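Here is the structure we will look at.
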Amino acid sequence: MFVEPINSLTDLFGFVQGDNVSKANRVIPPELPILPVRDTVLFPGAVMPLPVGRESSLALLDSLEGVEKLLGVVAQLDPRVEIPTGTDLHSVGTIAKVHKMVRMPNGNVVAFLEGLERIHVAEVIGLKPFLRARVDAQPDVENEPDAELTALERNVQELFREVVARSPQLSDDLQGEVANMDSPSRLSDFVASTLPSLNTMVRQELLETSSVRKRLEILINELSKEKEVLELRSKIHEQVQEQVNQTQREFLLREQMKAIQKELGESDDSQAEVEELRKKAEESGMSAEAKKECDRELKRLAKMTPASAEYMVSRTYLEWMTSLPWNKTSGIEDIDIPKAQTILDEDHYDLEKVKNRILDYLAVKKLQPGMKGPILCFVGPPGVGKTSLGKSIARALGRKFVRISLGGMHDEAEIRGHRRTYIGALPGQVIQGIRRAETMDPVLMLDEVDKLGRDFRGDPSAALMEVLDPEQNSTFRDHYLDVPFDLSKVLFVATANWMDPIPEALQDRMEIIELAGYTEEEKIHIARRFLLPRQTKEHGLSLGEQIEFSDEALHDLIAHYTREAGVRNLEREIATLVRKQARRLAEGKTDKLVVTPEVIREALGIPKIRLEKEVEERVQKPGVSVGLVWTPVGGDIVFIEASKMRGGKQFTITGHLGEVMQESTRAALSWVRSNSERYGIDSDFFRKLDLHMHVPSGAVPKDGPSAGVAMVTALVSLLTGRPIRPRVAMTGEISLTGIVLPVGGIKEKVLGAKRAGIREVILPSENEPNVKEDLPPELLEGVQIHFVHTADEALEIALGKFDVPVHPITPVSRSENLPAAGPVH
């Protein structure tokens with residue numbers, strides 16, 4: 001039973017200044033019943049209501065008889081003891097008189113006790129039904145009044161008045177009570193029983209101290225401490241009052257409201273949110289460092305008012321932290337390689353190299369589940385299926401698919417996130433994608449990585465270094481979260497149209513897989529398997545019953561209405577034809593539409609592309625050759641035109657050519673000048689003529705050395721008057737010695753030539769392995785490949801055999817320290 005003493009005893013029950021029986025005349029019985037109390041000390045002269053509930057204590061009160069009704073009140077050493085014995089009590093207590101007893105509804109009794117004198121418990125003589133003990137009086141040791149005792153007494157009175165004046169718990173009437181006391185013993189007992197800051201141990205010490213002087217000294221010490229605390233409290237209160245503004249007042253009111261709601265048992269929404277976030281943090285499985293940061297932020301959030309702006313910032317951060325999949329994976333344990341291959345074949349036609357690479361990864365993953373995910377980069381022209389291939393990979397792996405478009409991104413904060421100091425800060429796109437996937441091992445596609453911006457505003461490609469490095473991304477630290485997050489289980493797939501804009505350091509972190517354009521046959525297969533079913537379904541038509549495409553129609557669409565490496569424009573044109581049939585059905589014409597070349601011309605108009613005729617027309621005149629170029633949208637042909645006019649030693653180059661391509665034109669001219677006599681060309685032609693070389697589509701920038709052999713052919717064709725054989729195209733870098741050097745992008749160039757109706761292609765002999773590896777025989781059907789080692793061989797194929805006898809070239813003067821030029825074999 002815990003007994004809570006009333007602090008202001010005088011207000012409630014008064015403090016007895018004197019009693020009917022003086023100390024000298026009062027006789028203390030040698031034996032008294034003992035009432036053990038917990039955390040309570042009764043002083044002589046004090047009146048106290050004491051709740052009584054223990055059976056032994058109730059039996060004690062029931063046994064009291066007579067007018068006096070005396071008992072001993074002694075504090076327990078340990079308040080937790082339920083049935084105390086003599087060893088559980090202090091040795092000094094107070095003899096008390098019971099004035100009144102009131103029984104409460106719960107069965108307890110409140111006894112109103114008046115403390116009379118100090119007593120010493122000599123011996124416990126009975127335990128049941130209640131404690132009884134032999135007691136002795138313990139009178140005060142009062143010295144003769146002197147100046148020191150008087151000073152101590154006045155000091156106590158003064159300090160007590162100051163404490164009463166500053167304490168909100170004590171009544172001002174107590175100051176008058178203290179002033180009227182003339183006994184130092186009474187004063188010490190009164191102050192000790194009234195001062196609320198004294199703990200039980202100090203009160204018991206004061207009760208056991210017989211020396212009045214000593215009691216006054218103890219009280220002075222305790223009163224001084226209480227005075228300092230109250231002064232400091234008052235000072236803090238004044239400072240707070242000075243600084244309080246409207247927000248702080250609202251905070252105080254809300255804190256009070258929280259306390260009131262807590263007492264009433266009502267819920268507090270903000271605290272409920274904190275507890276919910278704390279529960280989510282416990283269940284999220286986050287790392288120890290993240291958990292530590294989360295706990296720190298939760299403590300801050302619990303102290304904030306919801307009206308504070310910082311509250312929403314902290315809450316948003318915690319919501320991000322608790323919603324991330326720290327240890328949640330896709331849960332696909334058994335990897336089925338044949339099933340994965342079936343899925344890849346269902347979604348994409350051909351692309352065997354890419355499919356094999358994915359299946360290799362799955363095979364290793366099955367044997368070594370803990371391996372880090374590869375970082376693949378698909379490079380190819382638009383419309384060849386790079387993005388959709390990423391979706392198929394995710395489906396084959398049984399993982400979530402997340403796509404992040406990097407095109408035009410110029411701020412590295414889009415990758416790493418913004419720091420929380422900024423208003424509206426959020427994590428980067430990588431962490432946002434992980435959250436959307438709800439697993440830590442999705443297939444994350446970084447689309448258009450070659451179109452990242454790099455300027456004064458930032459370089460996102462540098463931020464991708466850590467994300468795409470398997471040795472670093474296990475501890476990727478987003479600026480917003482500011483704790484490590486494991487990205488090593490993510491399968492990153494990047495896409496790009498070409499590699500040149502991607503920094504070399506970033507290229508080094510990715511496995512480059514090139515996707516070339518499709519041939520006409522491949523496009524027909526793709527249209528049959530994927531494009532036609534998808535478009536008819538999207539437009540509400542039945543393929544085969546309401547619309548049908550012939551092979552001739554698909555061939556006509558591909559050859560004359562779309563000129564691309566992929567199939568995006570082809571699908572667009574197919575959609576146009578399907579819409580035409582949908583309109584016919586809506587107008588009541590229910591017959592099936594069979595799409596033929598004639599239907600296509602009626603629906604789409606005249607053919608947009610007539611390259612075959614254009615090639616034949618433009619190469620009829622001497623000085624025009626057909627080169628092969630690689631572009632980000634696939635391979636293509638380019639016309640190189642040369643013309644001559646009267647003049648001398650002037651060589652003009654036009655067509656928006658880059659520095660490397662301009663150097664190739666000069667190298668081509670130098671080779672033609674040094675070998676002119678071998679082809680029946682006047683060796684002094686450059687002194688008599690001005691030459692102009694132009695590459696049409698002047699608004700389009702062009703660069704690279706691969707048009708060197710085509711430039712030589714155009715110049716020789718111009719100077720000899722021989723037109724190039726129709727439907728012949730070529731590529732290769734030319735050296736000053738006439739060697740045709742290898743170039744890149746062979747597959748794209750050959751496919752571009754085939755789309756343009758070219759029948760013969762001249763390639764450097766060193767590119768022969770590329771043709772055998774990348775171009776199967778079915779792709780080369782209808783195209784003849786010539787591999788050449790020198791410019792002479794290329795000229796013989798493009799212009800025909802020259803019957804002019806070969807004359808040795810006059811060597812350059814040795815004084816110039818240059819090697820002599822000779823015939824090229």
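The values are calculated or read from the model by the stated rules, or taken from the named source; none is laboratory data. No experiment lies behind these values; they were computed from the predicted model shown. Cβ: placed from backbone, ideal geometry, glycine included. Neighbour counts: every protein chain shown. Note: accessible area is taken over every heavy atom of the protein model, side chains too, but ligands, DNA and RNA are not part of it. Shrake-Rupley method; radii C 1.70, N 1.55, O 1.52, S 1.80 Å.
For the stretch 339-354, the criterion of being touching a Gly at 6+ places or on another chain (Cβ under 8 Å) and modelled with pLDDT of 85 or more is met by no residue. Summed over the stretch 484-507, the residues that are within 30 Å of PRO325 (Cβ to Cβ), in a loop (DSSP other than H, G, I, E, B) and not small (Gly, Ala, Ser) give a count of 5.
Among the conditions (1) modelled with pLDDT of 85 or more; (2) under 30 Å from ASN770 (Cβ atoms); (3) of a type in the set (D, E, K, R), ARG579 misses just one, which is (2). Output yes when any residue across the stretch 417-427 is open to solvent by less than 50 Å² (accessible area, probe 1.4 Å) and either in contact with a strand residue (DSSP E or B) (Cβ under 6 Å, 6 or more places away or on another chain) or among the aromatic types (Phe, Trp, Tyr) (or both), and no when none is. No, that holds for no residue. On the basis of being surrounded by 18 or more Cβ atoms within 10 Å (Cβ to Cβ) and within 25 Å of PRO184 (Cα to Cα), does ILE95 make the cut? Yes, satisfied.
Taken over the stretch 747-770, the criterion of being out of contact with any His (no Cβ under 6 Å at 6 or more places or on another chain) and either open to solvent by 10 Å² or more (accessible area, probe 1.4 Å) or acidic (Asp, Glu) (or both) is satisfied by LYS747, GLU748, LYS754, ARG755, ARG759, GLU760, GLU766, GLU768, PRO769, ASN770. The set of residues from the stretch 584-609 being farther than 21 Å from ALA559 by Cα and either surrounded by 10 or more Cβ atoms within 10 Å (Cβ to Cβ) or polar (S, T, N, Q) (or both) comprises ARG584, LEU585, LYS589, THR590, LYS592, LEU593.
Within the stretch 297-329, the set of residues being open to solvent by 50 Å² or more (accessible area, probe 1.4 Å) and either over 21 Å from GLY417 (Cα atoms) or among the polar types (S, T, N, Q) (or both) comprises LYS299, ARG300, LYS303, PRO306, ALA307, ASN327, LYS328, THR329.
Pick out the one residue from SER63, SER57 that is surrounded by 14 or more Cβ atoms within 10 Å (Cβ to Cβ), more than 16 Å from ARG134 (Cα to Cα) and of a type in the set (Gly, Ala, Ser). Result: SER57 is the single residue among SER63, SER57 that is surrounded by 14 or more Cβ atoms within 10 Å (Cβ to Cβ), more than 16 Å from ARG134 (Cα to Cα) and of a type in the set (Gly, Ala, Ser).
For (1) at pLDDT below 90; (2) of a type in the set (Ser, Thr, Tyr); (3) touching a strand residue (DSSP E or B) at 6+ places or on another chain (Cβ under 7 Å); (4) open to solvent by less than 40 Å² (accessible area, probe 1.4 Å), each residue gets a yes or a no:
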{"site": "THR652", "(1), (2), (3), (4)": "no, yes, yes, no"}
{"site": "MET661", "(1), (2), (3), (4)": "no, no, yes, yes"}
{"site": "SER670", "(1), (2), (3), (4)": "no, yes, no, no"}
{"site": "PHE685", "(1), (2), (3), (4)": "yes, no, no, yes"}
{"site": "HIS694", "(1), (2), (3), (4)": "no, no, yes, no"}
{"site": "VAL700", "(1), (2), (3), (4)": "yes, no, no, no"}
{"site": "GLY704", "(1), (2), (3), (4)": "yes, no, no, yes"}
{"site": "ALA710", "(1), (2), (3), (4)": "no, no, yes, yes"}
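Selection over the stretch 351-373 of residues that are surrounded by 18 or more Cβ atoms within 10 Å (Cβ to Cβ), part of a loop (DSSP other than H, G, I, E, B) and not hydrophobic (A, V, I, L, M, F, W, C) gives a count of 1.
When LEU223, LEU187, LEU207, LEU219 are checked against the criterion of being in a helix (DSSP H, G or I), hydrophobic (A, V, I, L, M, F, W, C) and more than 14 Å from VAL156 (Cβ to Cβ), LEU207 stands alone in meeting it.
Of the set (1) open to solvent by 30 Å² or more (accessible area, probe 1.4 Å); (2) in contact with an Asp or Glu (Cβ under 9 Å, 6 or more places away or on another chain), all apply to ILE218 but (1). With respect to (1) open to solvent by 40 Å² or more (accessible area, probe 1.4 Å); (2) in contact (Cβ under 8 Å) with a residue 60 or more places away in the chain; (3) on the phi < 0 side of the Ramachandran plot; (4) out of contact with any Asp or Glu (no Cβ under 8 Å at 6 or more places or on another chain), the lone exception for GLU471 is condition (2). The residues in the stretch 98-150 that are open to solvent by 90 Å² or more (accessible area, probe 1.4 Å), within 25 Å of PRO30 (Cβ to Cβ), among the acidic types (Asp, Glu) and part of a loop (DSSP other than H, G, I, E, B) can be counted, and the count is 1.
One residue stands out in the stretch 508-544 among those that are outside any loop (DSSP other than H, G, I, E, B), open to solvent by 50 Å² or more (accessible area, probe 1.4 Å) and of a type in the set (Lys, Arg): the one that is farthest from LEU751 (Cα to Cα), namely LYS537. Within the stretch 384-401, the residues that satisfy the criterion of being in contact with a helix residue (DSSP H, G or I) (Cβ under 6 Å, 6 or more places away or on another chain) and open to solvent by less than 10 Å² (accessible area, probe 1.4 Å) are SER392, ILE393. Of the residues examined, THR342 is not one that is open to solvent by 30 Å² or more (accessible area, probe 1.4 Å), β-branched (Val, Ile, Thr) and touching a residue at least 40 places away in the same chain (Cβ under 8 Å).
Considering only the stretch 420-432, I want to know if a residue exists there that is at pLDDT below 85, under 29 Å from ARG315 (Cα atoms) and of a type in the set (Ser, Thr, Tyr). Checking the stretch 420-432: at least one residue is at pLDDT below 85, under 29 Å from ARG315 (Cα atoms) and of a type in the set (Ser, Thr, Tyr).
Within the stretch 474-483, how many residues turn out to be in contact with a strand residue (DSSP E or B) (Cβ under 9 Å, 6 or more places away or on another chain) and either open to solvent by 10 Å² or more (accessible area, probe 1.4 Å) or not in a loop (DSSP other than H, G, I, E, B) (or both)? Selection size over the stretch 474-483: 4. Within the option set ASP269, ASP334, ASP295, being at negative phi, within 36 Å of the chain's Cα centre (by Cα) and modelled with pLDDT of 85 or more holds for one residue only, ASP295.
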